[in-house]
Amino acid sequence: MGIIRLALNFYMIVIILDVVLDFLPKYRDHKYAKYISQFSAYTVAPVRKFLSPDVPYFASHGLVVVLIYILKAIW
């Protein structure tokens, strides 16, 4: 496994953790949860701009994960 694939896998885990931590109110305001949210916002925020406001918040996270899978398949 190459270093790029490893980084992409790590970033997918960060995005999934962001979704999971957002559903857990106990950890939502935790310091590490905010770091994870900021780190995942680098790709999620631009994707969210292209989506309609009617689309649920977590659809952008799912779309980013799918795009990373496609990038891994091409790489």
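None of the figures in this text is laboratory data; all of them are computed from the coordinates on show. From a predicted model like this one, the values you see are computed outputs, not experimental measurements. FYI the Cβ positions are ideal-geometry reconstructions off the backbone, even for glycines, and counts take in every protein chain you see.
Before moving on, here are some points about what is shown:
- Neighbours of VAL64, meaning other residues whose beta-carbon lies under 11 angstrom from its beta-carbon, give a summed charge of 0 when Lys and Arg score +1 and Asp and Glu score -1.
- For region 18-49, the set of chymotrypsin sites (Phe, Trp or Tyr not before Pro) satisfying both a DSSP loop assignment and a count of at most 16 other C-beta atoms within 10 Å is given as TYR27.
- [x] 17.2, 52; [y] 23.9, 78; [z] 13.0, 39, with the label sought being that of the calculated Rg and Dmax of the Cα atoms in Å: [z]
- In order through region 68-75: 3J(HN,Hα) via Karplus (6.51 cos²θ - 1.76 cosθ + 1.60), integer Hz, x for Gly, Pro: 5, 4, 5, 4, 5, 5, 6, 5
- Hz values of 3J(HN,Hα) by residue in region 25-34 - Karplus curve (6.51, -1.76, 1.60), Gly and Pro given as x: x, 5, 9, 4, 9, 6, 4, 6, 5, 5
- When each of ILE4, ILE16, ILE74 is scored by the number of other beta-carbon atoms lying within 10 Å, the sequence from fewest to most is ILE74, ILE4, ILE16.
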